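The values are calculated or read from the model by the stated rules, or taken from the named source; none is laboratory data. Please read these numbers as outputs of a predicted model, since none were measured by experiment. Here the Cβ positions follow ideal geometry from the backbone for every residue, glycine too, while neighbour counts run over all protein chains shown. Heads up: the accessible areas ignore ligands, DNA and RNA and are worked out on the full protein's heavy atoms, side chains in. Shrake-Rupley method; radii C 1.70, N 1.55, O 1.52, S 1.80 Å.
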Amino acid sequence: MTSRFPLTRTLRPVPEGDRSQILADPGFGRHFSDHMAIAVWSNDRGWHDHRIAPLEPFSLHPATAALHYAQEIFEGLKAYRHADGSVWLFRPEANARRFARSARRLALPVLPEEDFVESIAELVRADEAWVPAVGGEDSLYLRPFMFGSEAFIGVRPALEITYSVIASPAGPYFASGVTGVTLWVTSTYTRAAAGGTGEAKCGGNYASGLAAQLEAQEHGCDQVLYLDRTGGEGSLEESGTMNLCLVTADGRLITPPLGTILEGVTRDSILTLASTFGLTPVEEQTTLPDLRARAASGEITEVFAAGTAAVITPIVGLKGPGYAFVIGDGKPGKQTLAVREHLLDIQHGRSADEHGWMRRIV
Ligand SMILES: *Cc1c(COP(=O)(O)O)cnc(C)c1O
């Protein structure tokens with residue numbers, strides 16, 4: 001069967017020795033594989049020019065729409081090497097569906113879900129050598145994205161759109177072990193409001209979050225926690241790149257409801273896996289004063305953040321203007337680490353895939 005994304009192989013791949021050196025310590029988002037997936041949409045032709053091509057810079061007119069009005073969306077998922085050498089994706093259809101939802105919100109054309117999955121599978125097949133060896137948490141991070149590539153600075157949806165996927169080998173997110181982080185609760189900024197773009201995975205959300213991230217760093221924290229309003233008394237939403245989960249002493253796994261947060265694939269997977277750990281999943285709002293009181297009383301025992309890049313990050317404390325408090329004993333929680341391990345085991349093929357989440361591509 002011919003592929004919807006035919007491959008033109010690069011004549012100048014990264015030399016094997018250099019690639020091995022990169023794969024020995026890939027870090028995150030610094031190195032890229034040899035190829036990229038591409039498809040172009042125009043309003044007169046629809047989707048066309050699907051291909052896997054050598055990785056190369058885009059040539060952009062200074063009037064390129066996305067550079068001015070941020071008509072752009074993206075996704076993030078990973079390819080995992082299993083012990084028998086095979087390569088797998090985790091729930092790529094969920095990313096495809098979310099990409100389509102994000103596209104509608106940003107007035108971008110919808111890429112058929114099967115083309116989304118196929119573009120990723122074909123890129124990983126072309127760049128299989130870039131999927132890190134089995135063992136540990138290493139993977140090949142995949143970044144599908146789409147932007148208004150028409151050269152036009154009037155304000156309307158662009159009439160030419162570029163879709164692409166690039167791949168970047170990723171090492172363990174926590175190079176020195178999973179120790180847990182303290183979040184800065186911003187009372188200055190919000191991430192999203194009802195009717196805004198909080199549910200879409202768009203670059204603009206990240207641009208508006210950078211000032212909050214700097215605020216967090218000024219207070220000695222790496223990550224931000226957003227509330228649903230400014231001023232510090234609202235309900236918990238999420239961190240800038242990860243969803244939030246609370247574990248209670250009586251065995252509930254509480255996460256904020258959808259609406260203005262991003263619907264994470266990791267979040268959804270954890271809600272499904274909760275019962276495996278004797279936890280009851282609950283989607284419910286929690287205010288900051290409530291979290292603080294229930295953490296102090298021992299009713300809330302663990303807090304963690306969930307997203308594809310870091311999988312699960314234990315939250316051991318929160319800080320805000322004029323206050324700081326710890327969660328539990330200030331160390332990563334037992335349930336947090338158990339859920340993290342279990343999810344990683346499914347993704348890396350060390351644990352049975354009982355929910356049919358894994359898709360073999362090599
Ligand atoms: C991508 C993202 C997440 C996590 O989603 P996953 O599908 O689990 O990777 C959470 N919050 C925001 C704002 C995101 O962009």
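For the peptides 107-117, 121-131, residues were scored by their other Cβ atoms within 10 Å and the scores averaged per peptide; the highest-first order is 121-131, 107-117. Partner lysines whose Cα lies under 16 Å from the Cα of K319, excluding those fewer than 8 positions away in the same chain, are identified as K331. Across the chain, counting alpha-carbon atoms alone, Rg and Dmax equal 20.9, 63 Å. Here r is the Cβ-Cβ distance between T8 and D84 and R0 is 22 Å; the resulting FRET efficiency, rounded to 0.05, is 0.15. Positive contributions from Lys and Arg (+1) and negative ones from Asp and Glu (-1), summed over other residues with Cβ under 12 Å from the Cβ of E199, come out at +3.
Grab the beta carbon distance between T179 and V155, set R0 = 45 Å, and tell me the FRET efficiency rounded to 0.05. Numbers along the way, then the final one.
Details: r = 46 Å, r/R0 = 1.03.
Here the calculated transfer efficiency is 0.45.
Summed over qualifying helices (DSSP H, 4 residues or more, each -39500 (n - 2.57)) and divided by its residue number, the chain shows a 222 nm mean residue ellipticity of -7500 deg cm²/dmol. For the stretch 16-170, the alpha-carbon coordinates run over 50, 29, 23 Å along the three principal axes, in decreasing order. Counting only heavy atoms of the protein chains and using a 1.4 Å probe, Y206 has close to 80 Å² of accessible surface.
Provide the three semi-axes, in whole Å and in decreasing order, of the ellipsoid equivalent to the stretch 103-193 as defined by the square roots of 5 times the Cα gyration tensor eigenvalues. That gives 31, 26, 10 Å for the three semi-axes.
Overall size of the stretch 181-347 from C-alpha positions, given as principal axis extents largest first: 38, 33, 25 Å. Comparing L262, L159, L77, which has the greatest mean-square fluctuation in the GNM of the chain with Cα pairs linked when under 10 Å apart? With Cα springs under 10 Å in the chain, the top fluctuation among L262, L159, L77 is at L159. Excluding same-chain residues fewer than 8 positions from K78, which aspartates and glutamates have a Cα within less than 12 Å of its Cα? Straight-line reach from K78, under 12 Å: E137, D138.
Assuming R0 = 30 Å, what is the FRET efficiency of A63 and E114, from their Cβ-Cβ distance, to the nearest 0.05? It comes out at approximately 0.35. Across A306, A65, A207, mean-square fluctuation computed from a Gaussian network of the chain (C-alpha pairs under 10 Å connected) peaks at A207. Largest mean-square fluctuation among P132, P332, P157, in a Gaussian network model of the chain whose springs join Cα atoms under 10 Å apart, belongs to P157.
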